[in-house]
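Take a look at the structure below.
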Amino acid sequence: MTPPGGGAPESTPRAVGGAHLSQRLRQLLPSFADYGLLKTTWRGDLLAGVTVGVVALPLALGFGVSSGLTPAQGLVTAIVAGLIAAIFGGSHVQISGPTGAMAVVLLPIVASHGASAVASVAIMAGVMVLLGGVLGLGRAVSVIPWPVIEGFTLGIAVIIALQQVPLLAEAGGVDQEPHSSNAVVAAAQSLWQADPMYLLWAAGAAGIVVVCMLVIERVNPKIPGSLIGIAVVTVLAALLPTPLAVIGEIPAALPTPGVPDVSPATLTSLLGPAAAVAALAAVESLLSARVAASMADTGRYRPDRELVGQGMASIGSGLFGGMPATGAIARTAVNVRSGGRSRLAGVVHALLLLLVVLLIARPVELVPLAALGGVLLLTAWRMVSRTTVTSVIRSTRADAIAFILTALVTVSFDLIVAVGIGVLVAGIFTIRNLAQQARVEVEQVPGPPVAGDESIAVVRLDGPIIFASADRVQDLVVDDTHETLVVILRMSRLELLDATGARVLSEIVRTLERRGITVLIKGIQPRHADLMRDVGVLRALRHHRHLFADLTAAVDHARSHVRRSLDLSDQPR
């Protein structure tokens with residue numbers, strides 16, 4: 001309508017669409033509102049940023065090695081991706097960078113396509129994750145059941161621990177000959193070929209780091225035990241004639257950004273690996289953001305914006321020669337527990353790591369790789385909550401099976417396949433449980449008994465009638481009503497109905513009508529009405545007047561049919 005006085009309408013489809021698009025863009029991009037609480041939280045954010053930066057340093061170096069790349073690439077990823085995700089991500093407290101789960105996925109990619117392909121995979125996966133955020137796929141993580149997530153976490157922890165075996169068993173360091181892409185096989189191969197003397201030195205170095213982490217963090221959790229342990233081992237390695245392999249050269253500045261030079265054929269071959277990396281990056285980042293939001297009052301996170309930010313982070317990391325990044329659950333938890341409440345903490349964490357590259361790269365080069373192995377071994381152990389594992393296994397048989405199967409497939413085959421199988425198994429058990437809740441009950445005709453009521457069946461349908469339960473419901477209704485003249489189907493308590501269930505209801509009506517049984521339907525819920533009309537349930541009725549909203553009216557109509565059929569009077573029994 002045109003408002004009084006003429007002029008354009010108050011809103012047009014184009015205006016509405018433009019407003020929606022503008023609002024959508026505002027939700028996906030940074031704003032000043034992201035830093036609304038900075039005046040009151042900046043001290044805690046600074047302290048938390050420094051703390052999590054100290055914790056992230058050995059992890060970034062270690063996960064770079066575990067991915068089949070160099071420690072420097074892990075550090076570059078933590079800096080570039082950590083800074084971009086902190087600014088553009090959907091969580092105020094998320095800390096992003098290289099993770100153990102990503103290292104697990106990247107190792108077979110490096111083995112198959114070479115280390116040079118990782119930057120291209122990072123950019124391709126980043127574009128996919130970014131598009132997922134733009135398309136509104138951020139809520140997809142909610143379909144992953146808790147037992148599957150825990151099984152996935154357990155499998156990753158086992159793989160991270162197994163990946164440290166080659167690091168501890170072989171003197172080749174990051175230049176050692178590649179083994180199988182399967183962590184179990186690679187660990188066995190490394191132990192079989194290991195030099196016993198080198199293995200003892202490496203195990204001792206890793207043990208020193210683990211002990212330092214356990215003891216120092218028990219005395220004062222704010223002291224970074226991992227860095228103390230690494231420093232102790234580095235000093236001992238410098239003073240003693242040890243055979244331990246060290247990190248080696250780290251650039252004293254960030255590399256120059258650039259697009260990787262790859263052929264179209266190579267890009268095509270990397271599409272599958274990039275899709276797997278993108279799926280993992282999206283799932284792990286959203287899970288981490290969701291966990292962080294539940295740990296403290298840090299404000300709600302925006303899942304779609306989180307995907308956009310993580311996609312940009314992986315693209316930026318790839319342009320600098322780094323690896324794909326995700327939200328890191330452990331580091332994010334450290335940030336929240338250390339007082340981080342705004343994005344400033346994530347920015348400070350990335351800048352601190354940049355200072356390490358600029359100022360103390362040379363001392364870091366002398367760190368033995370076995371020391372990083374010790375950090376990651378304890379990290380893997382801490383990833384698994386024994387209480388949680390016990391709770392899942394004791395919950396239900398279906399959840400326990402999904403948990404164990406996801407963990408086994410994660411270790412044996414592939415992380416993304418494991419999550420898919422876990423979700424599938426959990427979904428099958430859920431559908432099975434839903435199907436078992438569908439009930440068919442034959443009730444007595446309400447009210448004072450009337451002659452002929454024995455020829456009327458009042459059938460109540462309860463619970464969900466879906467594809468998994470439809471056939472059973474059909475058998476029960478047809479078998480329980482074969483000696484009647486009129487059947488009243490009560491549907492007011494029908495909880496869930498899909499197309500298959502509606503189709504079976506229409507078949508039930510047609511089957512009974514073919515037998516000469518009149519079918520009356522009572523209590524179709526408004527949310528099911530369109531589906532029943534479209535699938536043909538209502539067309540299957542003999543007459544449009546056989547649809548009722550009131551049970552008394554349906555019973556009266558049924559009795560009139562019985563009287564006409566049996567020529568009975570309304571005499572009480």
What does the extension gain come out to for Ser492 and Leu131, with contour length at 0.36 nm per residue minus their alpha carbon separation? 125.7 nm
The long-range amide H neighbours of Val246, using H built 1.01 Å from N in the peptide plane and a cut-off of under 5 Å, are Leu369
Roughly how big is the chain's charge dipole about its Cα centre, with Cβ charges of +1 (Lys, Arg) and -1 (Asp, Glu), in debye to the nearest 20? 1320 debye
Suppose R0 equals 30 Å; then what is the FRET efficiency for Asp297 and Ala400 from their Cβ-Cβ distance, rounded to the nearest 0.05? 0.30
Value of Rg/Rh across the chain [Cα atoms, Kirkwood radius]: 1.16
Given the candidates Thr518, Pro363, Pro147, the one whose Cα lies deepest towards the positive end of the charge dipole of the chain, counting +1 at each Lys or Arg C-beta and -1 at each Asp or Glu C-beta, is Thr518
Once the Cα atoms of helix 526-535 and of the chain are each reduced to a long axis, what angle between those two axes, in degrees from 0 to 90 to the nearest 10, is obtained? 80 degrees
Over region 11-138, calculate the relative contact order: mean separation of alpha carbon pairs under 8 Å at least 6 apart, over the residue count, as a percent. 20 percent
Can you give me the distance in nm between label points at Ser560 and Ala275, each placed 7 Å from the Cα along the Cα-to-Cβ direction? 6.0 nm
Only Cα pairs under 8 Å and at least 6 apart count here; give the relative contact order of the chain as a rounded whole percent. 21 percent
Projecting each Cα onto the charge dipole of the chain (Lys/Arg +1, Asp/Glu -1 at the beta carbon, about the Cα centre), which of Gln193, Ser120, Leu354 comes out farthest on the positive side? Leu354
With a bin width of 10 angstrom, please list the P(r) values of region 52-136 as percents of all Cα-Cα pairs, from the 0 bin to the one holding the largest distance. 17, 48, 30, 5
Normalised Cα Rg of region 327-480, dividing by 2.2 N^0.38 Å with N its residue count, works out at 1.94
Could you state the angle between the C-alpha long axis of helix 225-239 and the longest principal axis of the C-alpha atoms of the chain, as a value from 0 to 90 degrees rounded to the nearest 10? 30 degrees
What's the magnitude of the charge dipole for region 423-573 around its Cα centre, counting Lys and Arg as +1 and Asp and Glu as -1 at the beta-carbon? Answer in Debye, nearest 20. 340 debye
Förster radius 30 Å - calculated FRET efficiency between Leu267 and Trp192 (Cβ-Cβ, nearest 0.05): 0.20
Rg/Rh for region 248-344 to two decimals, with Rh computed the Kirkwood way over all alpha-carbon pairs. 1.05
Calculated FRET efficiency, Arg382 and Asp480, Cβ-Cβ r, R0 60 Å, to nearest 0.05? 0.55
Relative contact order [Cα under 8 Å, 6+ residues apart], region 285-368, whole percent: 30 percent
Can you give the calculated 222 nm mean residue ellipticity of the chain, where each DSSP H run of n ≥ 4 adds -39,500 (n - 2.57) and the sum is split over every residue, rounded to the nearest 500 deg cm²/dmol? -21000 deg cm²/dmol
Cα-based shape type of region 509-563, given that a ≥ b ≥ c are square roots of the gyration tensor eigenvalues and the cut on a/c is 1.5: oblate
Let me spell out the model: positive unit charges on the Cβ of Lys and Arg, negative unit charges on the Cβ of Asp and Glu, origin at the Cα centre of region 243-370. What dipole size does that give, in debye rounded to 20? 520 debye
Using only Cα atoms, find the angle between the long axis of helix 271-295 and the longest principal axis of the chain, and express it within 0 to 90 degrees, rounded to the nearest 10. 80 degrees
Going 7 Å from the Cα of Arg542 along its beta-carbon direction, which residues of region 480-495 have the amide nitrogen within less than 13 Å of the resulting point? 484-488
Starting from the Cα of Leu29, step 7 Å along the direction of its Cβ; do the same at Asp534; then give the gap between the two resulting points in nm. 3.7 nm
How large is log10 of I(q)/I(0) for region 407-503 at q = 0.11, 0.14, 0.17, 0.25 Å⁻¹ when the intensity is taken from the Debye formula with one equal scatterer per alpha-carbon? -0.48, -0.63, -0.79, -1.20
Suppose each label sits 7 Å from its Cα in the direction of the beta carbon; what would the Val259-Ala549 distance come out to in nanometres? 6.4 nm
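Read-outs: derived from the displayed coordinates by stated rules, not from any lab. From a predicted model like this one, the values you see are computed outputs, not experimental measurements. All Cβ positions, glycine included, derive from the backbone under ideal geometry; neighbour counts span all protein chains shown.
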